[in-house]
Amino acid sequence: MARNCVACFSIDYFGVIFIKLVNMKLGLLEYFSYVSNSEYSRCVSEGEAVLNAGHVILCGKTKQEGSLLETVALCLQTSALSAEPHKIQGVFEINNDGVKISKFNCSCKAGNGGKCKHISAVLIYCTR
Ligand SMILES: [Zn+2]
């Protein structure tokens, strides 16, 4: 079952257990429908740049209950690489139609609205 996550390895980061996301492919259409509209279209190019720069340093699931999968990721601050990384938290809903993005937030200034380049980078990571 490609939709299910398989525990590949886990990391303990400040008491939170991360399990690497495996075989959970987020579809491009779902990604674009989440990030794309005129106000947030910069998210796509900026998120890709963040991901390609290697600034997403950790991404995994912390909890899975029924169809809901909670995920946490860490992303370096582009302007302050040695500072505390941004923390991205989100929930995916996995059902027969595939993977849906339920909600996301990020610790950066823009992240409260659920859409920022860090969230975008993590979501792109999940499409690969
Ligand atoms: Zn952010």
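The numbers here are math on the coordinates, done by the rules we state, and not lab data. Given the structure is predicted, the values throughout are model-derived calculations rather than measurements. Don't worry about glycine lacking a Cβ; one is built from the backbone with ideal geometry, like all the others, and counts go over all protein chains shown.
Data overview
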| quantity | calculated |
| --- | --- |
| Estimated distance in nm for a label pair at residue 25 and residue 70, the labels positioned 7 Å out from Cα along Cα-to-Cβ | 2.8 |
| Around residue 52: net Lys/Arg minus Asp/Glu count, Cβ-Cβ under 13 Å | 0 |
| Links that overshoot a 20 Å alpha carbon limit, given the list 25/109; 63/115; 87/117; 61/87 | 25/109; 63/115 |
| Approximate spin-label separation residue 78-residue 127, in nm, with each point projected 7 Å along Cα-to-Cβ | 1.7 |
